[in-house]
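A short write-up of the structure that comes next.
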Amino acid sequence: MINSFEKKIDDLKFQLESGVSENIDLSVNDFKKTTKTISIDEQENNSLSEISNLSELKKYIEEYSECSLKDTAKNTVFCDGNENSNIMIIGEAPGNQEDIEGKPFVGKSGKLLNKILNFINIDRNSCYIANIIPWRPPGNRNPSSEELKTCLPFIKKHINLTKPKILLLVGSISAKALLETDLGITKLRGEWKIYKDGELEIPTLPIFHPAYLLRRPTMKSLVMRDILLLNKKIKELNKEIIND
Ligand code: URA
């Protein structure tokens, strides 16, 4: 009881700090899940194009040996959350805590990301989370263009297998790589884009990285505006599903 009261106070403080005055309808984000059958066939494949499910992709990446980032990383960070969710969140690369736990966004940035998502009543179980790069770059440096080029096919395959209805790209590196643009996150955020891969077209929202917000807290209000765009899109998609 006390805990939930304290959480409410904490959430309100966060809302005030972020400069958002909208009331969020907490009932809207029971985002309809589409049922996808994920095969549990564990057969080893040696080529991405032959991979037909997430467990095969995970195994493939865990066994991949052509990226030197893997040599210094403790773990391959593949995903967290609900693979059947319609919302897929894609960050940049694991940090220290993610490397230790083998899960994306579990350190300081992850805690802030959770808060941002909680604001529109989304939690880690109602979305699916991955990174562009599955191994921690030493010292948390940015991945090189070569490393990005090597790992991009993994995340594209990951998106293709999960086929989310919405993509949330967290930070400049994932936004630039997946939207195939040189524009920075300041220009990309604030409006919906389309991620395209062959036949696949997915509404995509780039947002500032929480690590950037930890350094520049005044930018939180922009992320909160973006997250309200996400909330609106979820409501629209829910309506479409209900009217289908
Ligand atoms: N930053 C990211 O982009 N991804 C993580 O998993 C952690 C921090």
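Please go through (1) free of Cβ contacts under 8 Å to residues at least 40 places away in the same chain; (2) farther than 23 Å from Asn84 by Cα for Leu205 and return the number of the only condition it doesn't satisfy.
Status for Leu205: all satisfied but (2).
Can you tell me which residue within the stretch 117-135, out of those that are assigned to a helix (DSSP H, G or I) and more than 13 Å from the ligand (Cβ to nearest atom), is surrounded by the most Cβ atoms within 10 Å (Cβ to Cβ)?
Residue satisfying both the conditions and the ranking: Leu117.
Using the structure shown, decide if Asn114 is more than 9 Å from the ligand (Cβ to nearest atom) and either over 16 Å from Val170 (Cα atoms) or surrounded by fewer than 24 Cβ atoms within 10 Å (Cβ to Cβ) (or both).
Against the criterion (more than 9 Å from the ligand (Cβ to nearest atom) and either over 16 Å from Val170 (Cα atoms) or surrounded by fewer than 24 Cβ atoms within 10 Å (Cβ to Cβ) (or both)), Asn114 qualifies.
I need the full set of residues from the stretch 71-107 which are within 11 Å of the ligand (Cβ to nearest atom), within 15 Å of the chain's Cα centre (by Cα), outside any loop (DSSP other than H, G, I, E, B) and in contact (Cβ under 8 Å) with a residue 40 or more places away in the chain, in order please.
The answer is Asp80, Ile89, Ile90, Gly91.
Restricting to the stretch 140-187, name every residue that is within 13 Å of the ligand (Cβ to nearest atom) and of a type in the set (Ser, Thr, Tyr).
Ser172, Ser174
From the list Gly171, Gly184, which one is more than 21 Å from Glu98 (Cβ to Cβ) and not hydroxyl-bearing (Ser, Thr, Tyr)? Before you say what the answer is, go through the steps one by one.
Numbers: Gly171 fails: more than 21 Å from Glu98 (Cβ to Cβ).
Every option except Gly184 fails the conditions.
Of the residues that sit in the stretch 196-238 and are under 15 Å from Ile185 (Cβ atoms) and hydroxyl-bearing (Ser, Thr, Tyr), which one is surrounded by the fewest Cβ atoms within 10 Å (Cβ to Cβ)?
Among those residues, the one meeting the criterion is Tyr212.
Conditions: (1) without any contact (Cβ under 8 Å) to a residue 40 or more places away in the chain; (2) over 21 Å from Phe14 (Cα atoms). Lys163 meets all but one. Number of the miss?
For Lys163, the failing item is (1).
Read-outs: derived from the displayed coordinates by stated rules, not from any lab. Keep in mind that what you see is a predicted model, and the values were worked out from it rather than measured. Ideal geometry is used to build each Cβ from the backbone, glycine not excepted, and the neighbour counts take in all protein chains shown.
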